[in-house]
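Below is one structure, written out as structure tokens, with a few remarks after it.
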Amino acid sequence: MEGHERVLPKGFPKLKNDTFLRAARGEDTEYTPVWCMRQAGRYLPEFQETRASQDFFATCQTPKLCCELTLQAFRTPLPHVLDQIFHGKGVALNNIASSSVQPLRRFPLDAAIIFSDILVVPQALGMEVVMVPGKGPMFTEPLKEVEDLLKLRQKVDVTAELGYVFQAITLTRHSLEGKVPLIGFSGAPWTLMSYMIEGGGSTTMAKAKSWLYRHPEASHRLLRLLADVITDYLVGQVAAGAQDFALPYIRDIAQTVKSKLKEEALPLVPMIIFAKDAHYALRDLAHAGYEVIGLDWTIRPQEARAQVSGQDPRPGSLTSSSALSHPRPGHCCFKGGDNWATMLQLLKAVLRGPGCPVVGAEGTWLHSASVLHPATHLLPPCRSAQIGKDVTLQGNLDPCALYAPKEKIGELVKKMLESFGTQRYIANLGHGLYPDMNPEHVGAFVEAVHAHSRHINKHS
């Protein structure tokens, strides 16, 4: 954005619905808050229309469009709000999708998440990423040898390189008019390293894993560089107006982010970690420094509660490595986990050492995910006696359940709420929304969470 169009990160409207933040902090709520991973995007016709007219990463770098896409899921008359924000500044809104001319009437979600992509971080390091139709994001020159690390910026000014994300957050925070909190996010170091070496998405990550064997010291340097940039990026998001995070990080990044927020007198926002296929690591996650643990759809709520509270899982739970490769009936979107156990041994053998940013002395393997993309980490062990006492759970309806009739969605939501309980809980899916999902079914999911949780609270 041009300088005269810039909206400042101050004077934000007072938050009217803080249910999501209160649940994240473990406070009592009148109903269970709900939001959906990938709610800002591809399943909505407005998003598809916008994508058809402009390159994906060009959209990510256009704050007004990111704001528009973030708010498409909300009952918010965005153009009217934007007109107020930019009144008298000569800002044209003709680059916003035409379908947004009418007031946006979607879902009563309890949080917004900024429209962006995790690969903006490699771009900030100087790498070129393009979106290839039918293939997804691709790096034009992926990292192949250690010498390629010299091509990366070793010192990144996140304000200069990623200021468009901060401006999108600030604009969106104003445009929300205090209706709900705004979530910021980032990808994780191992996720980004994998993309940068593989050149795109990969099911095996063979090239990235080969780096760990062939170039262990260089792998350390790259992961540390990414961790440092990510930390500054997240602090910048809070300064720009983000009020919560969905980020699958190792413990030291969470601690560093919170330390820097204190140093800069910024609000200590709650942090979320979403760990896919990490049933056996929930105890470690409960100690990782995050207020909320997001769950995928392959673990039963009661087992998750037991693990984060330090109890032994029940016999037959899905927390063993063997169980990971055998999904329960009805969970049609499951991805097996045997290769992650192998990766754990690989990483522990190759990367173990003092000062390693992702491996502890007894690391626990996590196949984690940010809001948009899969990620992987190792967490150092934690020996505190108060396991999971201050942790809120989030999740975990199978995304494929939204293909069911609306009545069935309501039944599944009711069962999920009864299993999790309505307190210290944020309703969500066990992964992101798929492009072909019916927005009306998303709405049925959101409405069912609110209705059933209110009913349970009233009669409990």
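The values are calculated or read from the model by the stated rules, or taken from the named source; none is laboratory data. Quick caveat: nothing in here was measured; it's all calculated off a predicted structure. Here the Cβ positions follow ideal geometry from the backbone for every residue, glycine too, while neighbour counts run over all protein chains shown. Just the protein is used for accessible areas: all its heavy atoms, side chains included, with ligands, DNA and RNA removed. Shrake-Rupley method; radii C 1.70, N 1.55, O 1.52, S 1.80 Å.
Can you tell me which residue among L149, L162 is modelled with pLDDT of 95 or more, aliphatic (A, V, I, L, M), part of a helix (DSSP H, G or I) and in contact with a Lys or Arg (Cβ under 7 Å, 6 or more places away or on another chain)?
Details: L162 fails: in contact with a Lys or Arg (Cβ under 7 Å, 6 or more places away or on another chain).
Only one candidate qualifies: L149.
When H431 is tested against (1) touching a helix residue (DSSP H, G or I) at 6+ places or on another chain (Cβ under 7 Å); (2) open to solvent by 20 Å² or more (accessible area, probe 1.4 Å); (3) in a helix (DSSP H, G or I), only condition (3) is not met.
Please work out which residue is nearest to the chain's Cα centre (by Cα), limiting yourself to the range 181-205 and to residues that are open to solvent by 10 Å² or more (accessible area, probe 1.4 Å) and β-branched (V, I, T). Among them, the one singled out is T203.
Exactly one residue out of L109, L143 is within 30 Å of L71 (Cα to Cα), open to solvent by less than 50 Å² (accessible area, probe 1.4 Å), among the aliphatic types (A, V, I, L, M) and not in a strand (DSSP E or B): that is L109.
Scan the range 118-128 for residues that are open to solvent by 10 Å² or more (accessible area, probe 1.4 Å) and either without any contact (Cβ under 8 Å) to a residue 24 or more places away in the chain or on the phi < 0 side of the Ramachandran plot (or both) and jot them down. Step through it out loud before you land on a result.
We begin by selecting, within the range 118-128, every residue open to solvent by 10 Å² or more (accessible area, probe 1.4 Å); these are 123, 126-128.
Those that are open to solvent by 10 Å² or more (accessible area, probe 1.4 Å) and either without any contact (Cβ under 8 Å) to a residue 24 or more places away in the chain or on the phi < 0 side of the Ramachandran plot (or both): Q123, M127, E128.
So which residues in the range 112-140 are assigned to a loop (DSSP other than H, G, I, E, B) and touching a Cys at 6+ places or on another chain (Cβ under 7 Å)? First the steps, then the outcome.
Residues of the range 112-140 that are assigned to a loop (DSSP other than H, G, I, E, B), as a first pass: 114-119, 125-128, 133-135, 140.
Residues satisfying the conditions are I114, F115, S116, D117.
Contact map, the range 46-57: first residue closer than 17 Å to N438 by Cβ and in contact (Cβ under 8 Å) with a residue 12 or more places away in the chain, second residue among the aliphatic types (A, V, I, L, M) and assigned to a helix (DSSP H, G or I), Cβ cut-off under 9 Å, separation 6 or more or different chains; pairs are E46/L69; F47/L69.
Total residues in the range 391-416 satisfying the condition of being within 20 Å of the chain's Cα centre (by Cα) and under 20 Å from A306 (Cα atoms): the figure is 7. Restricting the range 33-77 to residues that are of a type in the set (S, T, Y) and more than 28 Å from E161 (Cα to Cα), the residue that is farthest from the chain's Cα centre (by Cα) is T76. When A208 is tested against (1) open to solvent by 10 Å² or more (accessible area, probe 1.4 Å); (2) in contact with an Asp or Glu (Cβ under 8 Å, 6 or more places away or on another chain); (3) at pLDDT below 95, just one condition goes unmet, and that condition is (1).
Cβ-Cβ distances below 6 Å connect the following pairs, each with a first residue in the range 161-185 that is within 25 Å of A227 (Cα to Cα), a second residue that is among the polar types (S, T, N, Q), and a separation of six or more residues or different chains: Y164/Q61; V165/S116; I169/Q237; L182/T172; L182/Q243; G184/Q237; F185/S370.
Do we find that A160 is out of contact with any helix residue (DSSP H, G or I) (no Cβ under 8 Å at 6 or more places or on another chain) and open to solvent by 40 Å² or more (accessible area, probe 1.4 Å) in this structure?
Details: out of contact with any helix residue (DSSP H, G or I) (no Cβ under 8 Å at 6 or more places or on another chain): yes; open to solvent by 40 Å² or more (accessible area, probe 1.4 Å): yes.
For A160, the condition - out of contact with any helix residue (DSSP H, G or I) (no Cβ under 8 Å at 6 or more places or on another chain) and open to solvent by 40 Å² or more (accessible area, probe 1.4 Å) - is met.
Restricting the range 1-11 to residues that are open to solvent by 50 Å² or more (accessible area, probe 1.4 Å) and hydrophobic (A, V, I, L, M, F, W, C), the residue that is modelled with the lowest pLDDT is M1. Given the condition at pLDDT below 90, open to solvent by 10 Å² or more (accessible area, probe 1.4 Å) and within 24 Å of the chain's Cα centre (by Cα), answer yes or no: does some residue in the range 83-97 qualify? Within the range 83-97, none of the residues are at pLDDT below 90, open to solvent by 10 Å² or more (accessible area, probe 1.4 Å) and within 24 Å of the chain's Cα centre (by Cα). Every test in (1) surrounded by 15 or more Cβ atoms within 10 Å (Cβ to Cβ); (2) at pLDDT 95 or above; (3) more than 20 Å from I183 (Cα to Cα) is passed by H455 save one, and that test is (1). Filtering the range 403-428 to residues that are open to solvent by less than 30 Å² (accessible area, probe 1.4 Å), more than 22 Å from I293 (Cβ to Cβ) and not in a loop (DSSP other than H, G, I, E, B) leaves I409, G410. Applying a threshold of 7 Å to beta carbon distances and a minimum spacing of six or more residues, or different chains, the list of pairs starting in the range 226-246 at a residue that is in contact (Cβ under 8 Å) with a residue 24 or more places away in the chain and ending at one that is open to solvent by less than 10 Å² (accessible area, probe 1.4 Å) and hydroxyl-bearing (S, T, Y) reads I230/S186; Y233/S186; L234/S186; A240/T170; G241/T170; A246/S370.
Within the range 44-74, the only residue that satisfies the criterion of being part of a loop (DSSP other than H, G, I, E, B), more than 19 Å from K179 (Cα to Cα) and open to solvent by less than 10 Å² (accessible area, probe 1.4 Å) is L44. Can you tell me how many residues within the range 211-228 are in a helix (DSSP H, G or I), of a type outside the set (K, R) and open to solvent by 10 Å² or more (accessible area, probe 1.4 Å)? Selection size over the range 211-228: 6. Please work out if V235 is buried (at least 23 other Cβ atoms within 10 Å of the Cβ) and of a type outside the set (F, W, Y). So V235 fails the test.
In the set (1) farther than 18 Å from W190 by Cβ; (2) surrounded by 19 or more Cβ atoms within 10 Å (Cβ to Cβ), the condition left unmet by G136 is number (2).
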